Amino acid sequence: MKEKLAMERQSLNEKMNKLRIDEMKLEETRRQLDIVRCDLVREQDVLTYREEYLDQRQDELNKRAEVLNQTEKLLKESETRHRRLQDEQSKQFTELQEKNHKLHEMEKQLVLKKLVKKGFCVKIGSIYKIDHSSFSFPDLEKVVSEHF
């Protein structure tokens, strides 16, 4: 019986040793899991920080894009207004040139009519006395158009 008890005791001791070894392995596994858990938490924190940073950068880029779009819109409006003003200025300049030309022609005609009424004709910078009976108004226009 002593042998049987000794064998049971030895069997129990072996089982206890095995349980202690398993417990040590389990404790080591827990430590490794804690390390992995801490690493994962740290990585999650880093990823969260990076995500926040990227969100901020995206917000900044969106704001800049909006400012750029507004600036481009204002530039297009300004260019359109500039072209419209240039066209208007060009049109007014053309009108003024036409009016100036008409005014010049009217002044020339007025001077010639006054000279003709007084019996004079302008030819190459000189004034000649003419006889109304032998000189017609179309001839006067020809002389004036050649020299003005």
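Every number here is computed from the coordinates shown, using simple stated rules; none is lab data. All of these numbers come straight from a predicted model, not from anything done at the bench.
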Number of Lys pairs in the range 2-104 closer than 30 Å at Cα, excluding neighbours under 8 places apart unless interchain, is 11
Cross-link reach from K118 to aspartates and glutamates, straight Cα distance under 17 Å and at least 8 residues apart if same chain, gives E107, D131, D139, E141
